[in-house]
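The values are calculated or read from the model by the stated rules, or taken from the named source; none is laboratory data. Computed from a predicted model, the values in this text were never measured in an experiment. Glycine gets a Cβ as well: all are built from the backbone with ideal geometry, and neighbour counts include every protein chain shown.
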Amino acid sequence: MPALLAEAKPEEGKTVAKKCASCHTFDPGAPNRVGPNLADMVGADIAAKPGFAYSEALTAKPGNWSYENLDAFLTKPAGFAPGTKMTFAGVPAAADRAALIAYLRSLTSNPPPLPR
């Protein structure tokens, strides 16, 4: 994944993110929908977006939305957090996931450095 992330283009990820827009918002300060607002998500604690009622499956997960955790979650949400309320099947193509993560990173005010 590090090599894919290094080459990923946020504008391509914005296109991939269109499939997420029915449940999520992306602009800072935008309201949560069925899913939480995804601005400032990269590097944030898992299940910590204010005002969103996360499933127990996610609130029980330790850690933060690292690039590795985002990749695992976006691959198959129910595999990463069995019992999650997110019914989305996942993004099967690694290049699409990397682009989506690059897009989410571009929406994060102080993102962690990319993995090497």
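Observations on the structure shown:
- Residue within the range 16-39 that is at pLDDT below 95 and on the phi > 0 side of the Ramachandran plot present: yes
- Here the range 91-116 is the region considered, the condition is being under 11 Å from the mean Cα position of the chain (by Cα) and among the charged types (D, E, K, R), and the residue that is farthest from Gly79 (Cα to Cα) is Arg105.
- Restricting the range 78-116 to residues that are among the basic types (Lys, Arg) and not in a loop (DSSP other than H, G, I, E, B), the residue that is nearest to Met1 (Cα to Cα) is Arg97.
- Qualifying residues in the range 1-31 (those that are in contact with a Lys or Arg (Cβ under 7 Å, 6 or more places away or on another chain) and assigned to a loop (DSSP other than H, G, I, E, B)) - the one surrounded by the most Cβ atoms within 10 Å (Cβ to Cβ): His24
- If you go through the range 56-77 and pick out every residue that is surrounded by 14 or more Cβ atoms within 10 Å (Cβ to Cβ) and either outside any loop (DSSP other than H, G, I, E, B) or modelled with pLDDT under 95 (or both), you end up with 12.
- Within the range 40-55, the set of residues being buried (at least 19 other Cβ atoms within 10 Å of the Cβ), in contact with a Pro (Cβ under 8 Å, 6 or more places away or on another chain) and hydrophobic (A, V, I, L, M, F, W, C) comprises Val42, Ile46.
- Conditions (1) surrounded by 16 or more Cβ atoms within 10 Å (Cβ to Cβ); (2) touching a residue at least 24 places away in the same chain (Cβ under 8 Å); (3) under 22 Å from Pro113 (Cβ atoms); number of the one not met by Val91: (3)
- Taken over the range 66-89, residues that are in contact with a helix residue (DSSP H, G or I) (Cβ under 7 Å, 6 or more places away or on another chain) and either of a type in the set (A, V, I, L, M, F, W, C) or closer than 22 Å to Ala53 by Cβ (or both) amount to 11.
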